Amino acid sequence: MLDNNVAQGLVSHPPGGGYTFSKSAGTLGTPLYGAAILGTVYLIGRAYKSDHAQATGILGVRAVADTMIIVEALKLVTQRPRPTLGGGDFANHHADGEFFAGGDSFPSGHAAGSFALATVLAERHRDRAWIPVAAYGLAGLVSISRVTERRHFPSDVFVAAVLGHLIGRYVAHRPGGPSQSRWNRLRVHPGTSPGGGSAVTLAWDF
């Protein structure tokens, strides 16, 4: 009932300028931004010879990757249409939230990935209160924006956030993980791409 009421209400009464803001906020949950955050954490760790920061960057990548595999599998199984069609302008199936009707709305990949990343950062930096607040705050903003942008139902976002959080916690606290020294086997090399512009090469020594 909540899914239908919220989705149909947003379709009937668009949030105006809030739609543009939501669309911009939603881009923060894309893989590009996640990679930028984790890459920055890892490179800072390399620069300051911090095994903890390097491991955090790698664990974050692992958590997001694991989350996306599960999210894509659930999308394939549930086949839930989104509340609106591309661009958020036209009602899709009257935004009634049915499953198995051909779609990829459930669960939200943006919300799941954002909470997986946020949880790894928060769990590994409990001693710095501002990091969990900032990480979860950003993940929450991305998640809410997916609803107000009319790209997901509330339950899509809620389930995705829980899923991302649980996977993030598991990865951050996984027992018997690789020793800190093994993170030094990952090498990052800046360079240029053949077509022009910059590029980064990742290499892992097995």
Quick check, is residue 43 over 15 Å from the mean Cα position of the chain (by Cα), over 18 Å from residue 173 (Cα atoms) and part of a helix (DSSP H, G or I)? yes
Go through (1) surrounded by 15 or more Cβ atoms within 10 Å (Cβ to Cβ); (2) modelled with pLDDT of 70 or more and name the single condition residue 19 misses. (2)
Counting just the residues of the range 102-161 that are of a type in the set (Ser, Thr, Tyr) and touching an Asp or Glu at 6+ places or on another chain (Cβ under 6 Å), which one comes out nearest to residue 35 (Cα to Cα)? 108
Single residue of 167, 144 found to be in contact with a helix residue (DSSP H, G or I) (Cβ under 9 Å, 6 or more places away or on another chain) and buried (at least 23 other Cβ atoms within 10 Å of the Cβ): 167
Does residue 69 fit the bill of being closer than 18 Å to residue 159 by Cβ and at pLDDT 90 or above? yes
Test of understanding: among 151, 169, which residue is farther than 18 Å from residue 54 by Cα and either modelled with pLDDT under 95 or basic (Lys, Arg) (or both)? 151
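The values are calculated or read from the model by the stated rules, or taken from the named source; none is laboratory data. Remember, predicted model here, so these are calculated numbers, not experimental data. A quick note on method: Cβ atoms are made from the backbone with ideal geometry, for glycine too, and the neighbour counts reach across all protein chains shown.
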